[in-house]
Amino acid sequence: MRDRGGVRVLAGRRPRAVGVLLIALAGLLAATSISSASVNVNISGKWDSVFHDGSANYPDVLTITQATGSDTITGTDEIQGTLSGTLSNGPSNSVVLTMTETDGSYTADFTVTITVVGGKPQSWSGTLTDSNGLSGTDTATIEGPPVLGQSGQASVVSGTVTIETPGATTFSSLSGSSSIPMGSTINATNGTVAITVATPAAKTAGAAAAPATQSGDFYDGEFLLTQSRSGVTKETLEGGSFSACPAAGTRRLASAATAAKGTPVRQLWGHAHGSFSTSGRGGAATVLGTIWQTVDYCNGTLFKAVKDSITVVTFAQPHTKHLIAQGHSFFAAVSGS
């Protein structure tokens, strides 16, 4: 006979009620342990990282390995050192990675929040402090095929192309091909960048199937990259300054030809095949495969169809839709111009 916490039982036996209770408690504890320990996401892969210390950008590639069912990671830095860290649950659709890079006496400590979409990691943003006294922000995207509405692939075709990812405060150089999150701003004023994105067909494809994609080249301008669930990829003109423009309603240009004589504030060229749309102050142009130019002026946006046709929708009320044939242009005035 054995005494267990005041309950006297025969060796090898226990009262049925107590046994059932203990089994239930054990199951509950096991379930609690699993739910608190597991982040239910695996971040293994190559991460294109950029550290910003406020005055310069330091690109790097980190290779991270996470064993199935584990919350710890190991890895290597393409430039130097090894990685070790721990994952924990973060805010909705995210996990937090606390990681240290070590190379001899040098250390760098990361605390970053990783965005998770559909159970897959997409990008991170957070802080980095190293043993040399440097500190700043670190952003990264995981390499992989584009994800509809979440990420795309940016490849430098020529010249110099820079990018500012969501959460970053400065632009960093792009080289080769990189996975980038939607919401990134790309400056291709002095270069050409090829953008490859997923289409709705990729969302319904089997896990083993290669995702369907669409691609376009963009150059001579700066733009914000976004994508809707329907697959339309939008390049919204960025940069330039409208501070010298007259107040709305003080001047009205008579025609598109007159508008084109003004000084452009910003512009973007596109050569794309698929569902792409460029957007300026006065309207947006949608294409299915063409070469076209979008130019913002103080009082509106000029669209030029160089090859094939484009469809322009004006932003000013009442919204109007126009089919612009090859070799023609259309000026979409802003309200009050």
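The values are calculated or read from the model by the stated rules, or taken from the named source; none is laboratory data. Bear in mind the structure is a predicted one, so any value in this text is a computation, not a measurement. A quick note on method: Cβ atoms are made from the backbone with ideal geometry, for glycine too, and the neighbour counts reach across all protein chains shown.
Can you name the residue in the stretch 70-80 that is closer than 19 Å to residue 123 by Cβ and assigned to a strand (DSSP E or B) and, of all such residues, is modelled with the lowest pLDDT?
In this case the residue turns out to be 77.
Testing residue 67 on (1) surrounded by 13 or more Cβ atoms within 10 Å (Cβ to Cβ); (2) modelled with pLDDT of 85 or more, one condition comes back false. Which one is that?
Going through the list (1) surrounded by 13 or more Cβ atoms within 10 Å (Cβ to Cβ); (2) modelled with pLDDT of 85 or more, residue 67 breaks only (1).
Being surrounded by fewer than 21 Cβ atoms within 10 Å (Cβ to Cβ) and modelled with pLDDT under 90 is the filter here; which residues of the stretch 147-170 pass it?
Scanning the stretch 147-170 gives 150, 166, 167, 168, 169, 170.
Hey, does the stretch 188-196 have a residue that's assigned to a loop (DSSP other than H, G, I, E, B) and modelled with pLDDT of 90 or more?
Within the stretch 188-196, none of the residues are assigned to a loop (DSSP other than H, G, I, E, B) and modelled with pLDDT of 90 or more.
Quick check on the stretch 112-120. Is at least one of its residues free of Cβ contacts under 8 Å to residues at least 24 places away in the same chain and either closer than 20 Å to residue 60 by Cα or surrounded by fewer than 21 Cβ atoms within 10 Å (Cβ to Cβ) (or both)?
Scanning the stretch 112-120 turns up at least one residue that is free of Cβ contacts under 8 Å to residues at least 24 places away in the same chain and either closer than 20 Å to residue 60 by Cα or surrounded by fewer than 21 Cβ atoms within 10 Å (Cβ to Cβ) (or both).
With respect to residue 326, is the statement that it is among the polar types (S, T, N, Q) and part of a strand (DSSP E or B) true?
Criteria not met by residue 326.
Answer with yes or no whether residue 324 is touching an Asp or Glu at 6+ places or on another chain (Cβ under 8 Å) and among the hydrophobic types (A, V, I, L, M, F, W, C). Even if it seems obvious, please write down each step before you answer.
Numbers: touching an Asp or Glu at 6+ places or on another chain (Cβ under 8 Å): no; among the hydrophobic types (A, V, I, L, M, F, W, C): yes.
No, not satisfied.
Kindly indicate whether any position in the stretch 85-92 is under 18 Å from residue 109 (Cα atoms), more than 23 Å from the chain's Cα centre (by Cα) and of a type outside the set (A, V, I, L, M, F, W, C).
yes
Residues that are among the β-branched types (Val, Ile, Thr), assigned by TED's automatic domain parsing to the domain that holds residue 194, modelled with pLDDT of 85 or more and part of a strand (DSSP E or B): does the stretch 280-289 have at least one?
The answer is yes, given that some residue of the stretch 280-289 is among the β-branched types (Val, Ile, Thr), assigned by TED's automatic domain parsing to the domain that holds residue 194, modelled with pLDDT of 85 or more and part of a strand (DSSP E or B).
Taking the criterion of being assigned to a strand (DSSP E or B) and either in contact with a helix residue (DSSP H, G or I) (Cβ under 6 Å, 6 or more places away or on another chain) or modelled with pLDDT of 85 or more (or both), would at least one residue in the stretch 24-46 satisfy it?
yes
What residue, among those in the stretch 317-337 that are hydrophobic (A, V, I, L, M, F, W, C) and more than 30 Å from the chain's Cα centre (by Cα), is surrounded by the fewest Cβ atoms within 10 Å (Cβ to Cβ)? First the steps, then the outcome.
Step one: list which residues in the stretch 317-337 are hydrophobic (A, V, I, L, M, F, W, C), which gives 323-325, 330-334.
Cutting the leftovers down to more than 30 Å from the chain's Cα centre (by Cα) gives us 323-325, 330-331, 333.
Values: 323: 11, 324: 19, 325: 9, 330: 20, 331: 23, 333: 20.
Of everything passing the filter in the stretch 317-337, 325 is surrounded by the fewest Cβ atoms within 10 Å (Cβ to Cβ).
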